[in-house]
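Have a look at the structure below before the remarks.
Coordinate-derived values only; no laboratory data. Model, not experiment: these values are computed from the prediction. With ideal geometry, Cβ positions are generated from the backbone for all residues, glycine too; neighbour counts draw on all protein chains shown.
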């Protein structure tokens, strides 16, 4: 996505204000990017109890690294890259499982099951999908979720994880194969991944409404 000259100048001025220690500027930077970063982390990690801490850590790194923004990429892209590095470190250091609460339709009768059943399928499908993602390497999980769930192009995903396009494509392909294998023996996951159910599922389960460490291409070997 291109950045207009006005938006570019606005980003530069905002960063300059942040670097001078202006509180209003730091609040403005957080306000502009918080929603998008939260949504990205949610799609990478699922409904995680550490999400608020991780979001805070990502923006702490943004402000600590702000002098490193060289304005070669848009500020939004650079912030996303910092957030992705935070997610990579989190996945590398902790084995976390998705926490997805079941939907309870207490007032629903057994025969009146269509809306509630579909929402429950969405939640169950998300839980099972992220259980499979938990078994992937951090690099493979990031590549898959950024491309397939967050909707980034392969080129954009590769840039966010500081990897090559070829390595990123391979990680996404291997992740798909893992998920397909799991779905072959899991009817709920298989139904969730069907095209019509997939659209509904991600709508129902979506959140309401990146000097950075590199991900080495050698990590691709771990995904086999």
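Assorted remarks:
- Inter-probe distance in nm under a simple model that places probes 7 Å from Cα toward Cβ, at residue 70 and residue 22: 2.6
- Relative packing of peptides 13-26, 67-80 - highest average C-beta neighbours within 10 Å first: 67-80, 13-26
- With neighbours defined as other Cβ atoms within 10 Å of a residue's Cβ, the residues 60, 142 order from fewest to most as 60, 142.
- Mean Cβ count within 10 Å, highest first, over the residues of peptides 44-57, 162-175: 162-175, 44-57
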